[in-house]
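For reference, the structure is listed below as structure tokens.
The values are calculated or read from the model by the stated rules, or taken from the named source; none is laboratory data. All figures in this text were calculated on a predicted structure; none of them were measured in a lab. With ideal geometry, Cβ positions are generated from the backbone for all residues, glycine too; neighbour counts draw on all protein chains shown.
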Amino acid sequence: MRSSFILFLAAALLAPLDVHAQNANEIIRKTDAIMAPALLTMELVMDVERTSGEHRVYGMLIQRRDENTRVFFLAPPVEKGRKMLRRNDDIWMLLPNVKRPVRVSAKQELMGGDFNNSDVLRLSLVRDYNPKILSETAEYWELELKAKDRSITYDRVIARIGKKDYLPIQFHYFTESGKKVRELSYSNVMKVGETVIPATWTMFNNITNRKSVASVKSFEPGKTADPNDFLLERM
């Protein structure tokens with residue numbers, strides 16, 4: 001009888017925690033389904049602020065198929081022909097007029113801006129993080145996302161996700177030591193193609209006090225390239 005009671009008590013104490021964890025996973029799963037569907041073609045324009053204060057604007061066509069992503073640079077003219085490819089956990093870059101791609105770090109700044117390579121080419125919250133709900137209001141949940149392994153660019157993320165639509169509102173990024181390094185704000189919620197998303201992504205760099213702004217110009221879930229086009233030899 002005593003052992004049965006102890007088992008019942010343990011189950012009663014653990015049940016709410018399991019439900020809470022399941023809710024957190026469901027939240028980021030729904031956010032991923034909107035912002036990072038398995039098949040996606042999108043066009044992004046990124047305004048990068050340099051250390052000198054100068055701004056550089058890059059146009060990119062991004063195609064995603066499951067865990068693979070490729071990027072074509074469309075602008076400025078000097079960068080046209082630059083390509084990037086992510087296959088599983090590896091990221092490669094091919095420069096115009098260069099025959100062989102070079103491997104680059106996921107944590108490297110994209111084109112010298114404030115987004116890292118992984119911010120654009122590695123998009124899955126579900127794949128990379130273990131979530132839990134920290135708090136909530138009538139408008140949003142605040143979640144803590146803990147990286148599943150050290151290959152993930154950010155060890156810990158505090159994310160606000162809207163209750164009404166599961167759209168991201170704001171992400172705060174931290175290193176393993178607890179230092180805050182980036183802050184990503186999503187704004188300008190609108191219909192892009194057939195999908196309602198935040199069309200403006202502003203990444204503030206807490207180390208340099210600079211920011212880069214990415215604007216979504218087109219967004220087409222369900223559309224992407226052939227699987228063979230994501231092979232390294234096809235770059």
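Data for the structure
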| quantity | calculated |
| --- | --- |
| Every pair of residues 6+ apart whose Cβ atoms lie under 7 Å, when the first sits in region 27-39 and is assigned to a strand (DSSP E or B) while the second is surrounded by fewer than 17 Cβ atoms within 10 Å (Cβ to Cβ) | Leu39/Gly222; Leu39/Lys223 |
| Scope region 185-213; condition in contact (Cβ under 8 Å) with a residue 40 or more places away in the chain, under 17 Å from the mean Cα position of the chain (by Cα) and more than 14 Å from Met35 (Cα to Cα); matching residues | Met203, Phe204, Asn205, Lys211, Ser212, Val213 |
| Where Ser52 falls short, out of the listed (1) of a type in the set (Ser, Thr, Tyr); (2) more than 27 Å from Ile169 (Cα to Cα); (3) at pLDDT 95 or above | (3) |
| Looking only at region 133-143, and only at residues there that are surrounded by fewer than 17 Cβ atoms within 10 Å (Cβ to Cβ) and touching a residue at least 12 places away in the same chain (Cβ under 8 Å), the one that is farthest from Ile197 (Cα to Cα) | Leu134 |
| Residue that is nearest to Asp128 (Cα to Cα) [pool: residues in region 60-98 that are in contact (Cβ under 8 Å) with a residue 40 or more places away in the chain and of a type in the set (Val, Ile, Thr)] | Thr69 |
| Neighbours by Cβ (under 9 Å, 6+ apart or cross-chain): first from region 40-55, within 18 Å of Phe219 (Cα to Cα) and surrounded by 19 or more Cβ atoms within 10 Å (Cβ to Cβ); second modelled with pLDDT of 95 or more and among the acidic types (Asp, Glu) | Leu40/Glu220; Met42/Glu220 |
| Some residue of region 180-191 being surrounded by fewer than 20 Cβ atoms within 10 Å (Cβ to Cβ), of a type outside the set (A, V, I, L, M, F, W, C) and either in contact with a Lys or Arg (Cβ under 8 Å, 6 or more places away or on another chain) or not in a strand (DSSP E or B) (or both) | no |
| Of all residues making up region 66-81, the number that are of a type in the set (Lys, Arg) and either part of a strand (DSSP E or B) or under 21 Å from the mean Cα position of the chain (by Cα) (or both) | 1 |
